[in-house]
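What follows is a set of notes on a single structure, which appears directly below.
The values are calculated or read from the model by the stated rules, or taken from the named source; none is laboratory data. Model, not experiment: these values are computed from the prediction. With ideal geometry, Cβ positions are generated from the backbone for all residues, glycine too; neighbour counts draw on all protein chains shown.
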Amino acid sequence: MADDGAMTRAAAEPAAYWAPGTQILWRYRENAGEHVHIARPVTVVRDDAELLAVWLAPGTECVKPVLADGTPVHLEPLESRYTKARTVQRDRWFGTGVLKLAQPGRPWSVWLFWDPGWRFKNWYVNLEQPLARWARGVDSEDHFLDISVHADRDWHWRDEDEFAQAQRDGLMDAETAERVRAAGRQAVEVIRAWGAPFSDGWEHWRPDPSWAVPSLPEDWDRTPAHVSS
């Protein structure tokens, strides 16, 4: 498949660190099962013992969850959003690209968004299980609760209503919810101290213009032969 060579070469064995320019998958499992319901091909910007940074390019073909009748999840009323039957569909990443930053072992990743013309918009802290690495990418599970961080360092919680609904619908027990809250409080401490990665100047980063937009492999939902944190 075009632009899938890096993924194919990495498939045979678990990854140590990926070289810049390598194309991998950033995936999320569904919260009430083991199936992958979000898959995004991305390009590695940096990968080492301190940080995995990847670029989700505009127009990238991805997989996302939708209701069984094709309705976008966010259009369904909150009370039934997590109880109605779902499926997945292929779609293109709309709008500007996203830079995703993950520090090994941390239960969140930090995403950077820009408006058109590379006007920096905001950071977004996505609370999630620490990324598990496999030969062709990383897997996680989203934890609903998020934090928006603006250029002036102001911040606020996001999706608290979805976080509460997920608990009511049995997608997250009380113990897990408290761990997520604790992770959020830890992230807020980093924000208030303006620690890494917020202080590292990533808002000035730009992608290599020679990078091709990664392709979505046909086996995007494959079960990894080996997974490591």
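Gly170 meets all of the listed conditions (1) surrounded by 15 or more Cβ atoms within 10 Å (Cβ to Cβ); (2) more than 22 Å from Ala102 (Cα to Cα); (3) not basic (Lys, Arg) but one, namely (1). Each residue in the range 16-60 was checked for being within 16 Å of the chain's Cα centre (by Cα), over 30 Å from Asp173 (Cα atoms) and either acidic (Asp, Glu) or modelled with pLDDT under 95 (or both), and 1 of them qualify. Applying the set (1) surrounded by 19 or more Cβ atoms within 10 Å (Cβ to Cβ); (2) more than 17 Å from the chain's Cα centre (by Cα) to Trp108 leaves exactly one unmet item: (2). For Ala212, the requirement of being of a type in the set (A, V, I, L, M, F, W, C), in a helix (DSSP H, G or I) and over 16 Å from the mean Cα position of the chain (by Cα) is not met.
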